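S.K.: Okay, handing you the structure first.
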Amino acid sequence: MSTPITVQYTINAPVETIWKALTDKNEMKSWYFDIQDFVLETGKEFNFYEPGGANKYHHQGEILEIISNQKLKHTWSYPDFSDQKTIVTWELLPEDGRTLVKLTHEGIENFKGLGEGFSRENFTEGWNTILGQSLKEYVEK
């Protein structure tokens, strides 16, 4: 049994603001990734590369579950490196006008052996930066 990566931050913004930032591809590119083919619909696949133009890692996801203003669950994979998939779940919990954003990344051990860039530590650091800095700064501005 594996231990998922869990990262959570309380952000000074209402759930609806964070949901829009998380699910609107025009907002996503301001704080997350530029995902041109993102459609908020169960079963839809999306593809993107890390910012900076190097296009080193092709990311692919498929939306598994949507509960508006509460939960977004999707796969996370690197089809150029492996056929293995992991699961990322975003949960939004309202707290007095603020929102607890909880991200869980399950199955990270599926990327074991793909190299340093796919380590648990690397993902943990990445998600902490994405939630604790990028998203937080974007919606609190």
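The values are calculated or read from the model by the stated rules, or taken from the named source; none is laboratory data. No experiment lies behind these values; they were computed from the predicted model shown. Neighbour counts run over all protein chains shown; Cβ positions are idealised from the backbone, glycine included.
S.K.: Mind checking whether some residue in segment 7-25 is assigned to a helix (DSSP H, G or I), among the charged types (D, E, K, R) and closer than 27 Å to N55 by Cα?
M.R.: The answer is yes; a qualifying residue exists.
S.K.: Would you please name the residue that is modelled with the lowest pLDDT, looking only at residues in segment 18-29 that are surrounded by 13 or more Cβ atoms within 10 Å (Cβ to Cβ) and out of contact with any Asp or Glu (no Cβ under 9 Å at 6 or more places or on another chain)?
M.R.: K29
S.K.: Among the residues of segment 94-108, write down those that are surrounded by 14 or more Cβ atoms within 10 Å (Cβ to Cβ) and not basic (K, R).
M.R.: Passing the criteria: P94, T99, L100, V101, L103, T104, H105, E106, G107, I108.
S.K.: Got a number for residues in segment 5-17 being loosely packed, with under 15 Cβ neighbours inside 10 Å and more than 18 Å from N69 (Cα to Cα)?
M.R.: Number satisfying all stated conditions: 1.
S.K.: Might you let me know whether segment 72-88 holds any residue that is closer than 18 Å to T129 by Cα and more than 12 Å from the chain's Cα centre (by Cα)?
M.R.: no
S.K.: Could you check segment 3-30 and list, in sequence order, the residues that are closer than 18 Å to G126 by Cβ and touching a residue at least 40 places away in the same chain (Cβ under 8 Å)?
M.R.: P4, I5, T6, V7, Q8, Y9, I11, A21, L22, S30
S.K.: If you don't mind, there's one more thing I want to ask. Out of the residues in segment 104-114 that are part of a loop (DSSP other than H, G, I, E, B) and in contact (Cβ under 8 Å) with a residue 24 or more places away in the chain, state the one that is farthest from E65 (Cα to Cα).
M.R.: Ranking the candidates gives L114 first.
S.K.: Does any residue of segment 44-60 turn out to be in contact with a helix residue (DSSP H, G or I) (Cβ under 8 Å, 6 or more places away or on another chain) and under 20 Å from N26 (Cα atoms)?
M.R.: no
S.K.: Let me ask you something else. Within segment 116-127, work out how many residues are in a helix (DSSP H, G or I) and either surrounded by fewer than 16 Cβ atoms within 10 Å (Cβ to Cβ) or of a type in the set (K, R) (or both).
M.R.: 8
S.K.: Something else: Could you list, in sequence order, all residues of segment 41-79 that are at negative phi, modelled with pLDDT under 95 and in a loop (DSSP other than H, G, I, E, B)?
M.R.: Residues satisfying the conditions are E50, P51, A54, K56, Y57.
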